[in-house]
Amino acid sequence: VRRVLLCHTHMARGCGRCHTLISAMLGRAGDSCFHIAQNWLHAEAYFSDYSQQTEVDKALDEEMALDIPNCEYPYECILIPKKFESKEQMLLSACSCYQQALMLRPCDALRSRLGNVHNELSGIYMNKIMETDLTKINEIATKTQLDTLITLAQHHLNLGQAQFAEMNQANNLALLYSNAGRLNRLQAHFRINPLQPSLKAVERMYYEKAIQQYQEGLNALGNRKSEPAVWDTIMFELSSTVYTMATLYQDNPPSIGEKSQEEVERESIELLTKALQAQDLDDQDPIRRDIYHNRAAMLHYRLGSFYQHMYRTKPMEDSKRKNVLRLVNLHYDKSALLMDVSQYPLENLRLWLERFALQDFFSENSNTNNGKVKALQLGLDYLLSSKAALESIIKRYRQGSESETMQPQLQEEKDLLELLESRLQFVLKSLAKLALSSTNPKVSSLAATYKEMYSLTLKKKPQVFLPKHLHATLEAIEQLR
């Protein structure tokens with residue numbers, strides 16, 4: 001292509017420049033650069049072919065050099081790269097070729113290809129952002145490099161959006177908006193100060209900008225029917241962003257000096273609810289659907305836990321108190337229904353322990369023997385529901401999947417299992433005592449059974465793996481009921 005442009009320069013001295021030909025050649029050169037960038041693993045082979053010259057090529061170059069010195073060739077002749085240095089360089093060269101071609105002869109085909117190149121370049125810069133070392137995030141050199149990459153990514157996203165907007169290409173414009181959302185999420189993540197764990201206003205601003213960009217992408221499409229695959233992808237990214245922001249806000253809330261406790265609680269509930277609404281439980285893709293289900297399970301668990309804390313610690317009117325309790329049970333029930341126990345056994349175990357804790361609270365605050373027994377019997381049911389989680393833990397150990405990277409999780413597992421054991425012993429001992437002192441024949445008749453159940457929890461042999469002991473104990477208790 002370069003040689004064609006060089007030859008055209010010589011011909012133009014006699015018959016003038018043909019903008020249509022120059023634009024077509026630059027478009028072809030841009031396509032070649034774009035193709036090489038997309039197949040970078042084969043770049044060396046492409047360059048080898050590109051560098052070969054026949055005797056005719058050499059003679060032609062020598063003849064043209066006598067006619068016009070290299071320094072006098074027009075701009076388009078120097079746009080085509082002589083070396084293939086990097087994927088980024090080839091994309092920038094493609095960009096330059098397309099831009100010059102458009103200046104000579106505007107057409108939608110070139111605009112579309114230029115928009116795609118801008119999108120690819122933004123992706124390269126975002127991938128480089130992801131490689132940033134978070135341990136050096138506060139160093140000046142790292143900050144400068146990060147700012148440069150963010151600026152470049154945003155620059156190419158803006159240019160790409162402009163090209164597709166001019167042509168009304170809704171699907172490509174939606175993808176550019178989606179990538180703009182990704183860039184804002186990256187900024188939220190990589191601008192975190194490790195010494196300040198709370199979700200700062202600037203980080204929340206970037207997450208909200210990301211949500212806005214994803215919404216713009218959906219608005220560009222109008223509805224799912226036009227581009228279902230693109231729509232579903234953007235919806236998934238949108239739901240991921242809202243989920244991340246909601247969980248970060250709950251785990252790392254602003255300090256009391258920034259917002260009151262009431263404001264933090266209200267915003268946390270609003271964000272968790274918004275994140276829950278963004279989970280598409282009917283998504284047709286099985287992988288995405290599983291992710292949606294598990295996220296929804298975690299969000300329901302968080303809301304259930306949040307409302308339980310509110311119920312147990314905050315004074316409120318009876319009507320509101322009843323509604324809060326209804327929300328506690330609603331969210332815990334839905335979490336248990338949606339949660340994949342095989343993937344999240346510890347989360348499932350924690351859920352049942354929290355539900356037991358609420359029943360223990362009811363028992364402590366009940367003024368009657370029957371009320372205490374009823375509360376603890378339901379609490380025992382919840383502890384027995386942890387069998388599936390124990391089975392998953394045992395299966396994981398059989399497969400030998402534990403590793404050094406799982407040490408924090410293993411410690412959490414140990415703590416939860418020991419808590420389950422102690423709560424099981426506590427509830428059975430308490431039920432045995434309550435049954436012995438009960439005046440209700442149905443309850444008092446259970447005293448011996450509860451004592452036998454309690455004795456089972458004390459028979460663990462030192463060499464027996466705790467999850468196996470607990471699982472066997474729960475099965476034995478179920479048989480005695």
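Name the single residue that is surrounded by the fewest Cβ atoms within 10 Å (Cβ to Cβ) among those in region 83-104 being assigned to a loop (DSSP other than H, G, I, E, B) and at pLDDT below 90. Before the answer, list the steps.
Let us first name the residues in region 83-104 that are assigned to a loop (DSSP other than H, G, I, E, B), namely 83-86.
Checking the rest, the ones that are also at pLDDT below 90 come to 83-85.
Values: 83: 9, 84: 19, 85: 11.
Residue satisfying both the conditions and the ranking: 83.
One residue is enough: does region 268-287 have a residue meeting the conditions among the small types (Gly, Ala, Ser), part of a loop (DSSP other than H, G, I, E, B) and at pLDDT 95 or above?
Of region 268-287, the ones among the small types (Gly, Ala, Ser) are 268, 275, 278.
Pick out the ones that are also part of a loop (DSSP other than H, G, I, E, B) and you get 278.
Subset that is at pLDDT 95 or above: 278.
The answer is yes, given that some residue of region 268-287 is among the small types (Gly, Ala, Ser), part of a loop (DSSP other than H, G, I, E, B) and at pLDDT 95 or above.
Please verify whether region 429-446 includes one or more residues that are crowded, with 16+ Cβ neighbours inside 10 Å, among the small types (Gly, Ala, Ser), over 20 Å from residue 480 (Cβ atoms) and touching a helix residue (DSSP H, G or I) at 6+ places or on another chain (Cβ under 8 Å).
Looking for residues that are crowded, with 16+ Cβ neighbours inside 10 Å, among the small types (Gly, Ala, Ser), over 20 Å from residue 480 (Cβ atoms) and touching a helix residue (DSSP H, G or I) at 6+ places or on another chain (Cβ under 8 Å), one finds none in region 429-446, hence no.
Could you tell me whether residue 173 is closer than 30 Å to residue 107 by Cβ and either modelled with pLDDT of 95 or more or assigned to a helix (DSSP H, G or I) (or both)?
When the stated conditions are applied, residue 173 passes them.
Identify all residues within region 114-133 that are in contact with a Phe, Trp or Tyr (Cβ under 6 Å, 6 or more places away or on another chain) and either basic (Lys, Arg) or over 23 Å from residue 164 (Cβ atoms) (or both); write none if there are none.
The answer is 132, and nothing else.
State all residues of region 149-168 that are modelled with pLDDT of 95 or more and either surrounded by fewer than 13 Cβ atoms within 10 Å (Cβ to Cβ) or outside any helix (DSSP H, G or I) (or both); if no residue qualifies, say none.
Once the filter is applied, which keeps residues that are modelled with pLDDT of 95 or more and either surrounded by fewer than 13 Cβ atoms within 10 Å (Cβ to Cβ) or outside any helix (DSSP H, G or I) (or both), region 149-168 yields only 151.
Go through (1) modelled with pLDDT under 90; (2) loosely packed, with under 14 Cβ neighbours inside 10 Å; (3) in a helix (DSSP H, G or I) and name the single condition residue 203 misses.
All conditions are met except number (2).
Can residue 132 be described as within 23 Å of residue 87 (Cβ to Cβ), part of a loop (DSSP other than H, G, I, E, B) and either in the same structural domain as residue 240 (by TED's automatic domain parsing) or not small (Gly, Ala, Ser) (or both)? Reasoning before the result, please.
Numbers: within 23 Å of residue 87 (Cβ to Cβ): yes; part of a loop (DSSP other than H, G, I, E, B): yes; either in the same structural domain as residue 240 (by TED's automatic domain parsing) or not small (Gly, Ala, Ser) (or both): yes.
For residue 132, the condition - within 23 Å of residue 87 (Cβ to Cβ), part of a loop (DSSP other than H, G, I, E, B) and either in the same structural domain as residue 240 (by TED's automatic domain parsing) or not small (Gly, Ala, Ser) (or both) - is met.
Could you list, ordered by first residue, the pairs with Cβ atoms under 6 Å in which the first is in region 110-134 and without any contact (Cβ under 8 Å) to a residue 24 or more places away in the chain and the second is crowded, with 21+ Cβ neighbours inside 10 Å and outside any loop (DSSP other than H, G, I, E, B), at least 6 apart or interchain?
128/149
Scan (1) outside any helix (DSSP H, G or I); (2) modelled with pLDDT of 75 or more for the single condition residue 53 breaks and write down its number.
Status for residue 53: all satisfied but (2).
Just give me the residues in region 415-436 being farther than 23 Å from residue 371 by Cβ and in contact (Cβ under 8 Å) with a residue 12 or more places away in the chain, in sequence order.
Of everything in region 415-436, those that are farther than 23 Å from residue 371 by Cβ and in contact (Cβ under 8 Å) with a residue 12 or more places away in the chain turn out to be 416, 417, 418, 419, 420, 421.
When you go through 375, 432, 472, 388 one by one, which is the residue that is over 44 Å from the mean Cα position of the chain (by Cα) and of a type in the set (A, V, I, L, M)?
Answer to the selection: 432.
Could you run through region 276-323 and say how many residues are surrounded by 21 or more Cβ atoms within 10 Å (Cβ to Cβ) and farther than 22 Å from residue 338 by Cβ?
Selection size over region 276-323: 0.
Considering only helices (runs of 4 or more DSSP H) fully contained in region 370-481, which possess at least 2 residues that are touching a Phe, Trp or Tyr at 6+ places or on another chain (Cβ under 7 Å) and of a type in the set (D, E, K, R)? Give the steps one after another, and end with the answer.
On the way: elements: 387-398, 407-437, 441-444, 447-457, 466-480.
Filter on region 370-481 gives 407-437.
Give region 157-182 a look and list any residue that's closer than 17 Å to residue 91 by Cβ and touching a residue at least 60 places away in the same chain (Cβ under 8 Å), or say none.
Listed by number, the residues that qualify are 172, 176, 179.
The values are calculated or read from the model by the stated rules, or taken from the named source; none is laboratory data. These numbers were taken from a predicted model, which means no experiment stands behind them. We place every Cβ from the backbone using ideal geometry, glycine too, and count neighbours over all the protein chains shown.
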